[in-house]
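The values are calculated or read from the model by the stated rules, or taken from the named source; none is laboratory data. All of these numbers come straight from a predicted model, not from anything done at the bench. For neighbour counting, all protein chains shown are included, and Cβ atoms are generated from backbone atoms with ideal geometry for every residue, glycine included. With ligands, DNA and RNA removed, areas are computed over all heavy atoms of the protein, side chains included. Shrake-Rupley method; radii C 1.70, N 1.55, O 1.52, S 1.80 Å.
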Amino acid sequence: SVGLLVKTGRAVAIALVGPAKSPRVIERRELLLSSERTPATVGPYHAVMELPWSEAIVAVQSAIRAIEHLAAESLCQFVADIAAGGARVQAVGIVGSIGQDPSRIGNPHIRAHAAEGQLFREVLETAASRAGLPHISFSSRDVLTAVAPILAISADRLKEKLQELGKGIVRPWRSEERFATCAAWAALASATEKRK
């Protein structure tokens, strides 16, 4: 499975191999979701934040299409590289912004950040779907408490296991990598359960 932690313009990607009871990390990568060659993909809502929200949504559509293309390309390349190493990706877990409707946020700058956070999660969900991969998404605020029941362990035990999984294998092994791993593990467990 692949786990993705969404950042603005990029995603931290972790690949796990099973079994779901005792997975191991096989790859860490950063997927690019924006490009300096296509400036509209870097902070698309920031570029139009002074427009009324209804106009901003229309103005960013071409940037969103470009971001969707970059996301699909990046995810497909990661999946292909994993396959070249002998593993087959069965599912994707995504950690990102899931929250308030940006149209309800009055401050244009905060609204731009909220909209971009959700946009980059959504384009990865779309990329996974287009690649034929089932996906599961989590809010970055509560990923541990949401995943623990899927794995049938406590949130505290999950934290310990996530800390252990990448030590000595992936550097750096920060919260970004641990959250991506958490999502990958949930996706792996869900895919395993569906096959039963």
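A compact table of results
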{"quantity": "Fully extended contour minus Cα-Cα distance, from LYS167 to ALA152, at 0.36 nm per residue", "calculated": "3.1 nm"}
{"quantity": "Computed log₁₀ I(q)/I(0) - Debye formula, equal Cα scatterers, no solvent, the chain, q 0.08, 0.16, 0.17, 0.18 Å⁻¹", "calculated": "-0.26, -0.96, -1.06, -1.15"}
{"quantity": "Farthest positive-ward along segment 1-155 dipole, Cα basis, beta-carbon charges - from GLN77, GLY9, PHE120", "calculated": "GLN77"}
{"quantity": "MRE, 222 nm, helices only [DSSP H, n ≥ 4, -39500 (n - 2.57), over the chain, to nearest 500]", "calculated": "-16500 deg cm²/dmol"}
{"quantity": "Per-pair calculated FRET efficiency, R0 = 41 Å: ASP101 and LYS21 via Cβ, rounded to 0.05", "calculated": "0.60"}
{"quantity": "Carbon/sulfur fraction of accessible area - the chain, other protein chains in place, 1.4 Å, %", "calculated": "52"}
{"quantity": "Lysines with Cα under 28 Å of LYS7, excluding same-chain neighbours fewer than 8 positions away", "calculated": "LYS159, LYS161, LYS167"}
